[in-house]
Amino acid sequence: MNGLLEGTKYADITKLLAERKNQIVQKAVQGILREFTKKEAKEVTDEVAELAIRKVVKNSISELEKETGKKISKDVLEDITQKSVGDVKKEVFGKYLEKTNQGNVRPFDFGKHLRKLSGDPPEGMFDPHAHHILFKEGLGEEQKKLVTEGQELLREFNIDPIMGGENLIWAPNRIKGQHDIEALRNVVNKLKEVKNSGGDREDMVEMLKKLGQEAARRK
């Protein structure tokens, strides 16, 4: 294991990668979505998606080497990369992307998912979309940090921040303030209030419901 982030074990490296797993997943999703844009397509092949994930994982491992000032030995680098790629794929597929019948990859249809959970959008709603009350990803570094913080909070209360119906609601899409940082900051602050006041899962779900109703009423 000489050279493997000297003085650390294989398990330590995978733990370091696991600690930044959400960040890696977000970057992988962004990389795959860029492939959709580059190819001007609604689908890409599984190979293209995996290459995008592998690139992000390798970059993350390189960042680890720079941060620690130590080099991961070549004899285990591919093993770690392959394991991490597999872990990230499990998170990406089914939560952000889905496979087509032809084996290609396309963005996950949250509208279809929400219809199964709660039915059709309200009649007369402008440009309805399946809205994540705590945003799914976030645009820019500041939003992404808030999203990560909020998602960790929801997971503490056993709420899936991506697929959970507690964090999804029909809301107008192209509405001013619907997806800006102030709306996101308000959501995260309200979720923190629930935790800091000693609230339980029921309290957190109730807060999400109130915040979702605010999003649904925006015009």
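Structure notes:
- Region 34-82, subset among the basic types (Lys, Arg) and not in a helix (DSSP H, G or I), residue nearest to residue 92 (Cα to Cα): 42
- Verdict on residue 173 being touching a strand residue (DSSP E or B) at 6+ places or on another chain (Cβ under 9 Å), of a type outside the set (Gly, Ala, Ser) and crowded, with 16+ Cβ neighbours inside 10 Å: no
- Positions within region 142-200 being in contact with a Pro (Cβ under 8 Å, 6 or more places away or on another chain) and either hydrophobic (A, V, I, L, M, F, W, C) or assigned to a strand (DSSP E or B) (or both), in sequence order: 154, 170, 171, 172
- Complete set of residues in region 63-103 that are on the phi > 0 side of the Ramachandran plot and within 16 Å of the chain's Cα centre (by Cα): 94
- Lone unmet requirement of (1) under 30 Å from residue 170 (Cα atoms); (2) without any contact (Cβ under 8 Å) to a residue 12 or more places away in the chain for residue 62: (1)
Let's see how each residue does on (1) out of contact with any helix residue (DSSP H, G or I) (no Cβ under 9 Å at 6 or more places or on another chain); (2) exposed (fewer than 14 other Cβ atoms within 10 Å of the Cβ); (3) closer than 27 Å to residue 46 by Cα:
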site	(1), (2), (3)
107	no, no, yes
142	no, yes, no
184	no, no, no
203	no, no, no
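- Reported count of residues in region 125-140, each being of a type in the set (A, V, I, L, M) and either in a helix (DSSP H, G or I) or surrounded by fewer than 19 Cβ atoms within 10 Å (Cβ to Cβ) (or both), is 2.
- Tabulated pairs, region 166-190, first among the charged types (D, E, K, R), second part of a loop (DSSP other than H, G, I, E, B), C-beta under 7 angstrom, 6+ apart or interchain: 166/159; 174/127
- Considering the conditions (1) without any contact (Cβ under 8 Å) to a residue 60 or more places away in the chain; (2) surrounded by 15 or more Cβ atoms within 10 Å (Cβ to Cβ); (3) among the aliphatic types (A, V, I, L, M), residue 41 is excluded by exactly one of them, (2).
- Selected residue [surrounded by fewer than 19 Cβ atoms within 10 Å (Cβ to Cβ), of a type in the set (Lys, Arg) and in contact with an Asp or Glu (Cβ under 6 Å, 6 or more places away or on another chain)] from 66, 70, 90: 70
Read-outs: derived from the displayed coordinates by stated rules, not from any lab. What you see is a predicted model; the values in this text were computed from it and never measured. Neighbour counts run over all protein chains shown; Cβ positions are idealised from the backbone, glycine included.
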